[in-house]
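Shown next, in structure tokens, is the structure this report addresses.
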Amino acid sequence: VADEKVDSIFKSEVQMMEEVSPYKAKEKTMMNYSKEFLELLNSVKEKRPRTVIDHILKYGFITTEDLKDKYGYNHPPRAIRDVREHGIPLITYRVEGSDGRKIGAYKFGEYNKQEIQKKQGAQFYQKN
């Protein structure tokens, strides 16, 4: 991915955040994503994890209520698991839903390439 393409992704993210809330936009610009992390996000093409990633980039987080009501996913944690299976770290926390119950919310976590590589899939070793 070319540098200009990654930079344009970040700029559009900031512009989207400013539309949602100027306070959140300032908070989001302080947290710069590395080009490596943005490339990882951009490499995901499947619909379900892509929906989650795009929503988090736009709003800063996503809830199980958003996944169920906005996007029609009957099992929201499955969409989150799909994102995690691509090696994208997500932080889970609790927020209050529209009906007053506590629901899960998710945002991007700390990206560390070495840690992600340790967790991805089965490792096979050659016999000597």
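Only the coordinates and a few stated rules stand behind these numbers; no lab work does. Remember, it's a predicted structure, so these values are computed and weren't measured experimentally. Glycine gets a Cβ as well: all are built from the backbone with ideal geometry, and neighbour counts include every protein chain shown.
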Where a residue in segment 44-70 is touching a residue at least 24 places away in the same chain (Cβ under 8 Å) and over 17 Å from Val95 (Cα atoms) and its partner, wherever it lies, is of a type in the set (D, E, K, R) and in a helix (DSSP H, G or I), with Cβ under 7 Å and at least six apart: Val44/Arg50; Glu46/Asp82; Arg48/Asp82; Pro49/Asp82; Leu57/Glu13
For segment 37-74, enumerate the residues that are farther than 15 Å from Tyr106 by Cα, assigned to a loop (DSSP other than H, G, I, E, B) and within 11 Å of the chain's Cα centre (by Cα). Val44
Going by the structure shown, is Arg84 within 15 Å of Gly109 (Cα to Cα) and without any contact (Cβ under 8 Å) to a residue 60 or more places away in the chain? yes
